[in-house]
Structures are given as C-alpha cells and as structure tokens.
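Beneath this line is the structure, given in structure tokens, with notes to follow.
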Amino acid sequence: MSSSVHVAVVGGGLAGATAAREVATRLPDAVVTVYESTDHAGGKLAGAEVGGVTVDVGAESMLNRRPEAVALAREVGLGERLVHPEPVSAALWTRSALRSLPPSVMGVPSSMAALADSRVLSRAGLVRARADLPVPTPSDDVSVASYVGRRLGREVVDVLVEPLLGGVYAGHANELSVQAAAPAIWALHKRGSRIAHAAAEQTAAASPGLPPVFAGLDGGLWQLPREVLSHPSIVVRTRSTVREIAAGADGRWRLVVGPANAAERVDADAVVLATPAAPTARLLAPSVPIAARVLREIDYASMAIVTLAVRRDQIASDLSGSGFLVPPVEGRSIKAATFSSNKWGWLGSRAGDLVVMRASLGRAGEEHVLQRDDSELVATAVADLGDAIGLSGPLVDAHVQRWGGGLPQYTVGHLARVAQIDEAVAGTPGLAVCGAAYGGVGIPAVIASGRAAALQIIDHLESSRRREAE
C-alpha cells in the first residue's frame, strides 16, 4: 500500500493472534496492534508449572484431521514439536465402575456389539438403542437431546452424548443445537434415517490409513499463540482494555483504550474484534446495534481445570488408559479426568516417577460448583478421583485454572444467530469479528475464524487503496 496502515485487533487469544499474523504477513507495510485486557496473550492456551513440569492448563490437544491448526504450527516453526497422543484407550465412569468407552460418532454408537460389551447402558437402555428408530429429519434446528433421544433413547443421551458434549462445550444436550454443536451427528442423516446404522457405516467406510485424530505439541499447546504473535509487525499490549470503538467520517476507526481516568485514543484503519460475545456486543452497540443485540443472546459456561501431580504408588488402580468421562447423571463434581502423563509421551518422560493428571469441573448452570476456593476445588477433584481410581495420600503439587465464562453455548438456533451477526458486520467497512462464539470452539475452527476475519480486513484495505489510486 502507498503508506503504512494500522490494524487494531481487540483480544489476544488464538483467534486474535491468527488474525494479527495473517494481516501482518499479507500486508508487509501494516502495523498490527493486539490489545489484550489480561496480563498475557494466548487465551485458553495457557501453561503452568505443576510438579516441576510446565503443562497445559487449558486446551491440550487439537484436531489433526482438520488442517488449520497443524498447518499454523508448522508455519510458525513448531512443526518438529508436533506429537500425537499415545495409543491408549479412554473410559467412562458410570454405573459404579470405569468402563471402556465404546466407539461412537459424538456419542452415537457405531458398534452395537461394542456398546453391549462395554456395559455402559442398562439392559433396557441397550434394547432401546438397538431399536434405532427411523425418525424423520427435522426441518428446523433442534437440541442434540431431542435429535438423538428420539432415535436411540434417553439413556444414550445421558450416558454417551452428554459427557462428550460436556467435554467440548461444558453444556447440556437439552439446550445445545444439533446442527451447530454436533455437526458430526447432524451429518449422519445424509446416510439414512437410522443414525446408529449410519454411524456404523461411516466408521466402516473410514480409510484405515487415516492420520491420528488429535495432535499436540511437545512441551504443550500454550506455545502456539506465543509463536503466532512473534512477528516483527505485531505489537502486543497486555492489560489494555478497549472501552469503545467508533467509525469516523474519514473511514478510520477511533478506539478508546485503558481506564476511564487515563483513557488513550487510538486511530486505526481497520478493527478486528476477537473477544467473547458480551464484550463484542458492548463494543458494537453504537455502530452495529443489530449484531450487538444478537450477540447478547449467546450464553457462556464457566469451568475449572484442576491439575495434580502425585506419586504412582498413591493410585490403587492400574492407570493404563488416557482418562475417563463422567456422565452428569452420575452426580459427580468432575466431568472428566485425563491421565496426562499417560496420554502424552513427552510429559510422561519429563514427569519421571510422578503421575500428572487433570480433572475438569463445571457446566452451564453449575456455577455453584466453582464458587469454592482453590483448595476446595482440589479437594473435590481428589475425592472423586479417590472413588474412581483409588487416589490417596498427600499431593506432590496441584494447580487450579479457572476459565470464567470460557465456553460459548451453541444453543438451538445458533447458526441463524451467527448468520445475522455476519450480515450486520459485513455491512460495516473495516470491521470484522472472530473467535469461538461463531463457527466452532475447537482450535482449528478458531484459527479459521481468525484467518477469515483477517482476509475481510485485507480485502477492505486493498479496495480502499485501489479507490485512492483512481
């Protein structure tokens, strides 16, 4: 471009980091400033030292069969650190025992024989699942519970679907949209009206040479946003809350940054909002009220991750798997546990004689579970792990990471809401939004969202340059 441009990215999580890097890479004369309200960038990819080893205390794995995340890791020089989980199985803590997690498509069983062998369902529940009723596909969006329950029965929802959804969204199947929150389940209708049969067909049709489902980084995923932001044209400003944005008559944007008593006014040629729905709605209210109104309809769930380091002889069970999920109907406080030093070879090697594990707590509407201090959350996790795997004795180390309002809830009608937001924002030149609130909460989806926002901004800036040249 004829002179340097300034692009402001509000929010330093992975979506914002991706958008910033895309703009900085594609527009060599651009200066990109990332404004992050907390004391560090990276969002929910964060690390902390537990038992003498730095581990992920946020997301610890990313989809490997979708290209965006592993491609970005390679792009920023982390390709040699890409690793895959160890080939160990997961379990389900249900009916007073740890039982093998049967193969499924997001909880829809893909093998009735394996489902029966796992004994995760009651006899009546298994009979109902085997019926696999051919219910017509709804014309409108419905909840995951409604879609699966009518076909396979409520017990499949409660025991299999709920814990998997809880791990991704910390939400509830009665409220989450089947089209937005469980697109893999929704896609089964294309194979026929019996979804368990469709899941079995899909599994059988899968190529045996497919790459591993998940990937991580040797040393932890927390490294990814740090490297993404390490670009010479990107300036990261932490503890910098953007209070207002407004479009000027000259086509530029005015930002108000910092506390009210020491506010700084910043000009930018374009703005990317990579913040959660509530702050994005607040910033958009003056300039894009329609998008702001719809954004306020997106709720969030809070959760916490308790990471523990213990001696191996403190565990009565044989920890041969990667961890277990917990159906909400079991009435436990933890919703999942991961035996991280089993799951990741690099961590097992660095932990030495210690076992590093983590438990997640909290679902939508269960804020009371998290209204305990850190020591109480640790004690709660230890109590459940004591019942599940026989954990006992004093801990070597523990860490609590709280993610308040961390996970957007893709409730019924979410895709229609996102379409309204996109349409409203698209009509505002020099503005784009991105993040987990829109088209997916997984790491590849968030990266794709950030990249798409950057491309919108680049197209706007290049169009402006062409108009100026005419």
One residue is enough: does the range 243-255 have a residue meeting the conditions β-branched (V, I, T) and at pLDDT 95 or above?
yes
Just name the residue that is nearest to D218 (Cα to Cα) out of those in the range 330-347 that are in contact (Cβ under 8 Å) with a residue 40 or more places away in the chain and part of a helix (DSSP H, G or I).
W346
Please work out if S317 is in contact with a Leu (Cβ under 9 Å, 6 or more places away or on another chain), surrounded by fewer than 23 Cβ atoms within 10 Å (Cβ to Cβ) and assigned by TED's automatic domain parsing to the domain that holds V23.
no
Sole miss for A364 among (1) farther than 16 Å from V168 by Cβ; (2) in contact with a strand residue (DSSP E or B) (Cβ under 9 Å, 6 or more places away or on another chain); (3) surrounded by fewer than 21 Cβ atoms within 10 Å (Cβ to Cβ) is condition (1)
If we keep just the residues of the range 390-441 that are in a loop (DSSP other than H, G, I, E, B) and hydroxyl-bearing (S, T, Y), which is surrounded by the fewest Cβ atoms within 10 Å (Cβ to Cβ)?
S392
Considering only the range 86-107, state which residues are of a type in the set (A, V, I, L, M) and in a strand (DSSP E or B).
A90, A91, L92, A97, L98, V105
For residues in the range 121-142 being in a helix (DSSP H, G or I) and among the charged types (D, E, K, R), which is nearest to V412 (Cα to Cα)?
R128
Of the residues that make up the range 160-170, is at least one free of Cβ contacts under 8 Å to residues at least 24 places away in the same chain and more than 17 Å from Y300 (Cα to Cα)?
no
Within the range 207-231, considering residues that are part of a loop (DSSP other than H, G, I, E, B) and either modelled with pLDDT of 95 or more or touching a Gly at 6+ places or on another chain (Cβ under 9 Å) (or both), the one surrounded by the fewest Cβ atoms within 10 Å (Cβ to Cβ)
S230
Need the failing condition index for R239 against (1) in a loop (DSSP other than H, G, I, E, B); (2) basic (K, R); (3) within 28 Å of E366 (Cβ to Cβ), just the number.
(3)
Which of the strands (runs of 3 or more DSSP E) contained wholly in the range 8-74 include at least 1 residues that are buried (at least 24 other Cβ atoms within 10 Å of the Cβ), of a type in the set (S, T, Y) and in contact with a helix residue (DSSP H, G or I) (Cβ under 7 Å, 6 or more places away or on another chain)?
none
Determine, yes or no, whether G77 is under 30 Å from G209 (Cβ atoms) and either outside the structural domain of I443 (by TED's automatic domain parsing) or surrounded by 19 or more Cβ atoms within 10 Å (Cβ to Cβ) (or both).
yes
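The values are calculated or read from the model by the stated rules, or taken from the named source; none is laboratory data. The shown structure was predicted, so the numbers you read here are calculated from the model rather than taken from an experiment. We place every Cβ from the backbone using ideal geometry, glycine too, and count neighbours over all the protein chains shown.
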